[in-house]
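One structure is given below, encoded as structure tokens.
Please treat every number below as a calculation from the coordinates, not as lab data. It should be emphasised that the depicted structure is a prediction, and the values quoted were computed from it without experimental measurement. Cβ coordinates were reconstructed from backbone atoms using ideal geometry, including for glycine residues, and neighbour counts include every protein chain displayed.
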Amino acid sequence: MEELQGTIIDIETIGEFLDCDGLERYKQIKPIVVGFLDCDMIEILYITEESDQDFAGLRSILKAKLSEVNHPFYAFNTEFEMGVLYWFLGEKVTFDRDLMLKVTTAYGQTVWESKRCLVKDLGIPNFDDPFWDIGYKVPEAWENFQNTGNSRFLWEIIRHNRACLLKEYEILRKRKKWREVNKTIIDWAK
């Protein structure tokens, strides 16, 4: 693995998006799994239940981890990560580089690229992702884990998070391209 300058961060969440724009949209979203790829190491933090104690523990460990890992911070769709972390931690977390770029469709429309399509186009392997880049399967797996206690569902979420980190690393490695985070997004929380 080529040495990564900085840290890739990926979050798996539960909760509903609010029907609005900007920071408020993420107010009811909570992280349940947070993964870090820093240099040649992957570390994944997770909770096992939706208790105040578990969320407080994750919050504490996450704040410490964010202060330890190296910038620049990368993500695929930094707005999501920054919005979720702002509401969960009660403070701004600044990401530096977004791996999601705008592309032009065959019909001439400019849209944000899909990670699933990009992974396919770049020939990046699935890395044992049980959800095949469909993050919307995470809340369903979490609900199944909470209802049954079957840890298989939790491990699917963790495997998905690990695969997302590896895919984002490969996107960065193969493309060597990113978008600098728009600093006005960071000013949401003023």
Relative contact order in percent for the range 42-184 (Cα pairs under 8 Å, 6+ apart) equals 24
For the charge dipole of the range 7-180, defined by +1 on Lys and Arg C-beta atoms and -1 on Asp and Glu C-beta atoms about the Cα centroid, which residue among Met100, Leu165, Leu85 has the Cα displaced farthest towards the positive pole? Met100
Cut-off under 5 Å, modelled amide H: who pairs with Thr13 long-range: Ile32
Run the simple label-point estimate for Glu140 and Glu49 please: 7 Å along Cα→C-beta, distance reported in nm. 2.6
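What FRET efficiency comes out for the pair Trp155/Asp21, r = Cβ-Cβ distance, R0 = 41 Å, nearest 0.05?
Values: r = 35 Å, r/R0 = 0.85.
That pair, Trp155 with Asp21, gives E of 0.70.
Taking 0.36 nm per intervening residue step and subtracting the Cα-Cα distance, what contour gain separates Glu3 from Ser60 on full extension? Please report the intermediate quantities before stating the final value.
Working: separation 57, 0.36 × 57 = 20.52 nm, distance 2.81 nm.
Separation in residues times 0.36 nm, less the Cα-Cα distance, equals 17.7 nm.
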Can you give the helix-only mean residue ellipticity at 222 nm for the chain, where every DSSP H stretch with n ≥ 4 adds -39500 (n - 2.57) and the sum goes over all residues, rounded to the nearest 500 deg cm²/dmol? -13000 deg cm²/dmol
Residue-by-residue Karplus 3J(HN,Hα) for the range 159-176, coefficients 6.51, -1.76, 1.60, Hz, glycine and proline x: 4, 4, 4, 4, 4, 4, 4, 5, 5, 5, 4, 5, 4, 4, 5, 6, 8, 6
